[in-house]
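Values quoted throughout were computed directly from the atomic coordinates according to the rules given, and no laboratory measurement underlies them. All values derive from a computational prediction rather than experimental measurement. Counting neighbours? That spans all protein chains shown, and the Cβs are built from the backbone with ideal geometry, glycine included.
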Amino acid sequence: MKRKEIFWLIGTAIFVLIINFSLFGVDGFKSESVTDINVHDTYFVIANIHFILPLSILIFFSVYLIRMLKQNFKNLTANMIFVISGVLSIWILTGMISFVNSYIGVTETTEYNLLVTNKIFDNVSTVLYSLQIIIVGLIVYSGFKTGRNYKLTE
């Protein structure tokens, strides 16, 4: 790995830490720290790690997507970090889709023997599926271009 890549990796990690520190503070990095979300008369208590990990993966994915496109897929290390962050993004999106789909079943009601469903959750689920397809396409294209550039240099 080149020295420049190590600086980019460390710089991105420091940027992620600064963003997470500014959003959650010092207490956000403790294992027992939680965030309370009040929705009408219900409180959702979610561990901060469930916000920190997706945000960190999103930042790495975005930084290395821009680096990979700017360098025209010629930097093997940047491409590999992009692929790893892309696979982790797909994993996070799968969990989010599962969460959203669980709410689709909860919000369904029957009125006058007709099934009424909340279309917002259906739309969010469709957007998340579309994001997954786009990320898979980017990973496949990145792999193709990386392999093509790697063969040309040998």
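Of Met80, Met68, the sequence from fewest to most neighbouring Cβ atoms within 10 angstrom is Met80, Met68. Coupling constants for region 134-140 follow from the phi torsions by the Karplus curve (6.51 cos²θ - 1.76 cosθ + 1.60, θ = phi - 60°), and in residue order they are 5, 5, 4, x, 5, 5, 5 Hz; glycine and proline get x. Helical runs assigned H by DSSP (4 residues or longer) give the chain a calculated mean residue ellipticity at 222 nm of -26000 deg cm²/dmol, each run adding -39500 (n - 2.57) before division by the residue total. Close amide H pairs (under 5 Å, H built 1.01 Å from N) link Val34 with Asn48, residues at least 5 positions away or on another chain.
By the count of neighbouring beta-carbon atoms within 10 Å, fewest first, Tyr103, Tyr64 end up ordered Tyr103, Tyr64. Is the chain best put as rounded, prolate or oblate by its Cα gyration tensor, with a ≥ b ≥ c the root eigenvalues, rounded for a/c under 1.5, and otherwise prolate when a/b is larger than b/c, oblate when not? Here the chain falls in the oblate category.
Per-residue Karplus couplings for region 88-99, computed as 6.51 cos²θ - 1.76 cosθ + 1.60 with θ equal to phi - 60°, are listed in order as 5, 5, 5, 4, 5, 5, 4, x, 5, 5, 4, 4 Hz, Gly and Pro entered as x.
For the chain, the longest principal axis of the C-alpha atoms and the axis of helix 3-24 are separated by about 20°.
Ordering Leu58, Leu69, Leu138 by the projection of their Cα atoms onto the charge dipole of the chain, which places +1 on the Cβ of Lys and Arg and -1 on the Cβ of Asp and Glu, puts Leu69 at the extreme positive end. On full extension, the segment bounded by Ser98 and Ile37 gains 20.0 nm, given 0.36 nm per residue less the C-alpha separation.
For region 58-75, putting each phi into the Karplus relation 6.51 cos²θ - 1.76 cosθ + 1.60 with θ = phi - 60° gives couplings of 4, 5, 4, 4, 5, 5, 7, 5, 5, 5, 5, 5, 5, 8, 6, 6, 8, 9 Hz, in residue order, rounded to whole numbers and with x for Gly and Pro.
If R0 is taken as 35 Å, the Cβ-Cβ distance between Ala47 and Leu69 corresponds to a FRET efficiency of 0.55.
Here the dipole of the chain is about 1300 debye; that uses its Cα centre as origin and unit charges on the Cβ of Lys and Arg (positive) and Asp and Glu (negative). Pairs from the list Lys2/Lys151; Lys30/Lys145; Lys2/Lys30; Lys4/Lys145 with a Cα-Cα gap above 31 Å: Lys30/Lys145; Lys2/Lys30.
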